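Enquirer: One structure, as C-alpha cells, below. Some questions next.
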Amino acid sequence: MNLREINRINDDISTFVGILVNSILIWLILHVRIDGMKKYNRILLQTCVVDVYLTIATFIVKPIILVDEGAEYFLMNGLFRKATPFAGQIFFQIWTFALIFNITSVPVATIFRYRVLCLNQEFSLFDQLRYLGVSVISTVIFCVIIFSTYFFASEEDLLKAESLEFLADDDGRDSLVVYVHVIWLTVITFGSYSIIIWCNIKVYSYMKEYEAGCPVHADGKVDKKLAQAALSTVSSGGCPSKHGSVYVSECPSSGAVAIKKDEIDPLNAMPPPNQRPAPDQPFLLSTRREKSTIPKAQSETGETWEYPSPQMFWNAMLRKGWRWQEDQLTETDMENIIRIHNANNEEAWKEVLKWENLLHPECDCPRLKSFKGDAKNISPRARFRSWLGYGLPFDRHDWIVDRCGQKDVRYIIDYYDGGAVDPQSKLFTVLDVRPAMTDAQNIWDRMVVSYWRFKYETLGLTPKLPIPPTEEHQS
C-alpha cells in the first residue's frame with residue numbers, strides 16, 4: 001500500500017465521519033423547539049454547512065501538497081486525478097476556497113454571539129449574509145493569488161523578484177507573487193483569529209459579570225427561587241421542597257403525615273390533598289384551588305384540572321423537610337408560587353394544543369388524562385443538547401393526552417430556565433414540548449414539524465394562508 005492509497009483511505013474515513021456528525025447536528029438544530037434557542041439556528045447551520053462543503057471538496061480533490069528542495073507541488077488524488085493541469089488547478093481552487101472560507105466564516109459566528117449576548121442586538125439574515133460576503137471576498141482574493149502563483153507565474157515574475165535582493169531565496173530566485181500570497185494569507189489568518197479572540201474575550205467577560213451580578217435586586221432573587229420551586233417538580237402539583245439549594249416538589253401532599261402506597265392517585269402520582277394548617281404555621285394560607293383551562297379526560301361534563309392551593313404547597317414543603325424560618329416566606333410569596341406554577345403549566349398546555357391542532361384537527365378537544373413529573377429522568381434529546389453546551393432542563397413532565405378517544409399520546413415537556421420571572425405573565429421558562437417517539441405516528445409528526453420549521457423559520461419562507469371569503473367568492 002503506497003502513500004496515495006493511504007491518503008485516499010484517510011480522506012474516505014474522514015468524509016464518512018464528517019458527513020455523519022454534521023448530519024446529526026443539522027437534524028438536532030432543525031428540531032429545536034425552545035423559542036429562546038431558535039435564534040441560534042441560522043448561525044449553527046452556517047457552521048455545519050461550511051464544514052460539509054469542506055468535507056465534500058476534500059473527498060473529491062483529495063489534495064496532496066509536497067515540498068521538495070524549495071519547490072512546492074500540488075497533486076490531486078481524488079476522482080479527477082487524471083484531469084488536465086488546468087482542470088486540476090480549478091479543482092484545487094475549489095478545495096482551497098473551502099479551506100480558507102472555513103477559517104474566514106468563523107468570525108461571523110463569534111460576532112453573532114457578541115452582538116446577541118453582550119449588546120442584546122438583533123442579528124438578521126441580512127447581517128449574516130453581509131458579514132459572510134466579506135469572508136467570501138477575502139477568500140476569493142486569496143484563491144486568485146494562489147491560482148496565479150501555481151499556474152500563471154512566469155519568467156518575468158522571477159526576473160522581477162531577482163532584482164529585489166530582500167526577496168531573493170538561497171539560490172537567488174524567487175517569485176514576487178509568492179510573497180503576495182504569503183502576506184494575504186497572514187492578513188486573513190491574523191484578522192480572523194483576532195476577531196475570534198476579541199469577541200470571545202468580550203463574551204466571557206460579560207458572562208462572568210452576569211453571573212456575579214444576577215439577579216441584581218433582592219426581589220429578583222426571591223422571585224427566581226420561587227419560580228424554580230414552583231416548577232422544579234417530581235409531580236404535577238408544583239409544591240416546592242428544599243434539598244440544599246435545590247427545590248423539588250410533591251404536591252398535593254398530606255404535610256408530614258405518612259402516606260400509604262395505596263392512597264396515591266394514579267392520575268397525578270400524588271397522595272390526597274391536605275388543606276390543614278401546620279401546627280407552627282406563622283400565618284393562615286388560602287385553601288382555594290384555582291381551576292385550570294386544561295380539560296380533564298375522566299370528566300364527561302367538561303370539568304378541568306384544579307391547581308393546588310397555597311396551603312397545599314406549604315404542607316408539601318414541610319413534608320419534604322423544609323423549615324419556613326430559613327427563607328422567611330410570606331403570604332405574598334406563596335401566592336406568587338401559585339401564580340408562577342399555574343401560568344407556566346397553562347403555557348405548556350398551549351404548546352400541546354399547537355401540536356394537536358396543526359397535525360390532528362379532526363380532534364377538536366384533546367384532554368389531559370394523566371401526568372407526572374420526572375425531573376431526574378433526563379431525556380436523550382436534552383442530554384445530547386447538554387453535550388453541545390446547552391444547559392440541562394431543571395424539570396421534566398410527562399403528560400398523557402387523550403386524543404378524542406382515538407389514542408393516548410405521551411408528551412414530554414422539558415422546562416429550561418429562561419431568565420427573570422416576567423412580572424406580568426409570571427412566565428420564566430423556555431419550554432421544549434414534543435410527543436414522545438413511542439410509535440410511527442409520533443415520529444412522523446415530529447418529522448413534519450421539523451420540515452415546517454426548516455421551511456418557515458430557518459429559510460424564512462412565508463406560509464400560504466387561506467384566502468378569506470369575499471362577496472365575489474361567495475357569489
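A short reminder: the numbers here are calculations on the coordinates, not readings from a lab. Remember, it's a predicted structure, so these values are computed and weren't measured experimentally. We place every Cβ from the backbone using ideal geometry, glycine too, and count neighbours over all the protein chains shown.
Enquirer: If I take R0 = 56 Å and measure r between the Cβ atoms of residue 206 and residue 331 in this structure, what FRET efficiency does the formula 1/(1 + (r/R0)^6) give, to the nearest 0.05?
Expert: Values: r = 38 Å, r/R0 = 0.68.
Between residue 206 and residue 331 the formula returns 0.90.
Enquirer: If you don't mind, there's one more thing I want to ask. Just in region 319-394: which GluC sites (Glu not before Pro) are loop by DSSP and have at most 10 other Cβ atoms within 10 Å? Spell out each step's value before the answer.
Expert: Values: sites: 326, 331, 335, 346, 347, 351, 356, 362; in loops: 362.
Answer in residue order: 362.
Enquirer: Would you mind checking the pairs 38/350; 39/426; 369/407 and listing those with alpha carbons more than 20 angstrom apart? Provide the component values of the computation, followed by the final result.
Expert: Details: 38/350 18 Å; 39/426 23 Å; 369/407 11 Å.
Distance filter (> 20 Å) returns 39/426.
Enquirer: Can you give the net charge of the other residues whose Cβ lies under 14 Å from the Cβ of residue 60, counting K and R as +1 and D and E as -1?
Expert: Working: positive: 8, 62, 81, 82; negative: 11, 12.
Result for the neighbourhood of residue 60: +2.
Enquirer: Are there any chymotrypsin sites (Phe, Trp or Tyr not before Pro) in region 46-125 that are in a DSSP loop and have at most 16 other Cβ atoms within 10 Å? List them by number. It would help to have the intermediate numbers written out before the result.
Expert: Numbers: sites: 53, 59, 73, 74, 80, 86, 91, 92, 95, 97, 101, 112, 114, 123; in loops: 80, 123.
Those satisfying the criteria are 80.
Enquirer: Can you give the net charge of the other residues whose Cβ lies under 15 Å from the Cβ of residue 408, counting K and R as +1 and D and E as -1? Please report the intermediate quantities before stating the final value.
Expert: Working: positive: 296, 367, 369, 372, 403, 407, 410; negative: 356, 398, 402, 439, 445.
Once positives and negatives cancel, what remains is +2.
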